[in-house]
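Taking it in order: structure first as structure tokens, then the write-up.
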Amino acid sequence: MRIVLINPYNPRFETKTFPPIGLMYLSSYLKRSFPDIEVSLIDARLNRTSCSEVARVVAAIKPDVVGITAVVDNREVVHQLAAQVRSLTKWVVVGGPYATSMRQVILQDRNIDYLVLGEGEIPLSKLVRNLQNEAVQEPVDRVMSRNFPAGEVNLLADTVSALDDLPFPDFGLVRVADYFRFSSAMGTHAFRQTWPVASSRGCPYSCAFCHSHFGHKHRTRSVLRFVDEIELLHRSHGVFHFDIFDDIFNISEARVLDFCNELERRKLRIRFSFPNGLRLDRMTARSIDRMAECGLFAFGAPIESASERIRKKMNKGLNMAKAEQIVRHAAMRNVVVSGFFIFGYPTETQGEAQATIDLACKLPFTLASFQKATPFPGTQMFDELPPEKKSELMSFLSTAGPFTYSDSPNVSGMSDHALRKCYARAYLKFYLRPKVVFRLLYLLGPALVLRLGGVVLRRITTLRSSTRFTQCKEAWTR
């Protein structure tokens, strides 16, 4: 059997290009489970490959299965691609967060045969076993089709409980160095030799806005196995900076310290960051100091909101005093800290949004990201919406056209104009302060600051035409 795995390219998000680690894990797991299987990877994002060009490559390979990874940002490309490869293969399978959260909508597309929901290794391998014997089509946990529609989905069913049992990602599918020209997921170009890794899956917390792709059971790799992969990538492929994509890396301080000790024992002179963030109220000054000694470059600080009322609605039980202490200590150690904030949460007022802007500017963040709240099906935030808002959101999310968070329906207690004004003011007020500019120059250098400025401007100009840069500036100065 031949399988082609595709990472689609969306020209609207061409700055976001990361190695397709999820597909590489699927490939190595499938090859171990089925030694006679042939797996190919088409990373359309890497080479800016259009759907028609991808289809030509697929036609040359003549696969039995085409698997497409999907996030909501590239939803329109996923459907275009499925239409173009439909006649070139027996089965089209879609997985990823978009498949998990919008499964009922996606299967209305007759070009797509199966969805793999949540973590993919075990359900995809069971699906492949079924497809090898076409006479047997049995239901598989977390695999959905029109013949076997899924009701309530248990994202922990058929997951890999012992992550050390997973083989390393299939590095034979790619040239690692080809990805060095792209930035870190932290949004900086500080290190060209960057690669993503993960030491755990799942998060035990229940934030109301999170769709928990890997479930709420926290599963870890051993520190030795995790550092084995880092050492392989560093010594054999020249990777210097690692983006550690755990949902929650620091659930155990002892494990954090073991990780640092193992890096030191092996004399690995690397840098590492945490793009998904660290749980601030589980951090200590000791762990920050130890990680800084061993190469910590940056981490996200998911505070989300300055309002205790809104954080309570989010199920974000955060000790703010401890969080502020950790941010200040990390900044003192010259660690890049990026504040993560959400605007427009259901019932949020303009005063609460302004308090969040003030908090972002008060704390010594190097970077800040402000995201508009968009409730996805399967999250508590979506379930708590009134029926008319659910209907409006489903209409927006079901549209196959381009997706941007700034265009999603407003679910807050603010008017559309007030919400757009807060969004624009947040970016302008945060990044136009001299002390932020000087800190960026000190930590990143002039060239990287100019690139980051371009990223910020692109973020602002993704707003609707009524909030283009000039109008944003006017709103900020009023």
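Within segment 370-413, track down each residue that is assigned to a helix (DSSP H, G or I), modelled with pLDDT of 85 or more, closer than 23 Å to HIS213 by Cβ and not charged (D, E, K, R).
If we filter segment 370-413 for residues that are assigned to a helix (DSSP H, G or I), which is where we start, we get 380-383, 387-398, 405-407.
When the remaining residues are screened for being modelled with pLDDT of 85 or more, the result is 380-383, 387-396.
From the residues that got through so far, the ones that are closer than 23 Å to HIS213 by Cβ too are 380-383, 390, 393-394, 396.
The answer is GLN380, MET381, PHE382, LEU393, MET394, PHE396.
Considering VAL239, VAL223, which residue is more than 23 Å from ALA44 (Cα to Cα) and either more than 17 Å from the chain's Cα centre (by Cα) or among the basic types (Lys, Arg) (or both)? Give the derivation first.
Values: VAL239 fails: more than 23 Å from ALA44 (Cα to Cα).
When all the criteria are applied, what remains is VAL223.
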Taking segment 191-215 as the search range and keeping residues that are among the polar types (S, T, N, Q) and over 13 Å from the mean Cα position of the chain (by Cα), which one is surrounded by the fewest Cβ atoms within 10 Å (Cβ to Cβ)? SER206
What is the one condition in (1) acidic (Asp, Glu); (2) assigned by TED's automatic domain parsing to the domain that holds SER33; (3) modelled with pLDDT under 90; (4) closer than 28 Å to SER398 by Cβ that GLU152 does not satisfy? (2)
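Just to be sure before I move on: is GLY378 at positive phi and not polar (S, T, N, Q) in the structure I sent? Walk me through how you get there before you give the answer.
Values: at positive phi: yes; not polar (S, T, N, Q): yes.
When the stated conditions are applied, GLY378 passes them.
For residues that are in a helix (DSSP H, G or I) and surrounded by fewer than 17 Cβ atoms within 10 Å (Cβ to Cβ), tally how many sit in segment 216-227.
Filtering segment 216-227 for residues in a helix (DSSP H, G or I) gives 223-227.
Right, trim to surrounded by fewer than 17 Cβ atoms within 10 Å (Cβ to Cβ) and you get 224-225.
Looking only at that region, the number is 2.
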Of the residues in segment 248-266 that are in contact (Cβ under 8 Å) with a residue 40 or more places away in the chain and buried (at least 22 other Cβ atoms within 10 Å of the Cβ), the one that is farthest from ARG282 (Cα to Cα) is PHE259
List every residue pair whose Cβ atoms lie under 6 Å apart, where the two residues are 6 or more positions apart in sequence or sit on different chains, the first residue falls within segment 284-297 and is buried (at least 18 other Cβ atoms within 10 Å of the Cβ), and the second residue, located anywhere, is of a type in the set (Ser, Thr, Tyr). PHE297/SER273
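Among the residues of segment 228-254, which ones are assigned to a helix (DSSP H, G or I) and closer than 25 Å to GLY339 by Cβ? Working first, answer last.
Taking segment 228-254 first, the residues assigned to a helix (DSSP H, G or I) are 228-237, 253-254.
The answer is GLU253, and nothing else.
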Within segment 381-400, identify whether any single residue is buried (at least 16 other Cβ atoms within 10 Å of the Cβ) and closer than 21 Å to ARG12 by Cβ, and answer yes or no. yes
Which residue, of ILE310, ILE326, is crowded, with 21+ Cβ neighbours inside 10 Å, β-branched (Val, Ile, Thr) and either more than 23 Å from PHE245 (Cβ to Cβ) or not assigned by TED's automatic domain parsing to the domain that holds SER206 (or both)? ILE310
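Which residues, counting only those in segment 269-283, are under 24 Å from GLN193 (Cα atoms), surrounded by fewer than 18 Cβ atoms within 10 Å (Cβ to Cβ) and touching a residue at least 40 places away in the same chain (Cβ under 8 Å)?
The initial filter retains those residues of segment 269-283 that are under 24 Å from GLN193 (Cα atoms), namely 269-278.
Subsequent filtering for residues that are surrounded by fewer than 18 Cβ atoms within 10 Å (Cβ to Cβ) retains 269, 271.
Of everything in segment 269-283, just one residue is under 24 Å from GLN193 (Cα atoms), surrounded by fewer than 18 Cβ atoms within 10 Å (Cβ to Cβ) and touching a residue at least 40 places away in the same chain (Cβ under 8 Å), namely ARG271.
The values are calculated or read from the model by the stated rules, or taken from the named source; none is laboratory data. All figures in this text were calculated on a predicted structure; none of them were measured in a lab. As a convention, Cβ positions derive from the backbone with ideal geometry for all residues, glycine included, and neighbour counts pool all protein chains shown.
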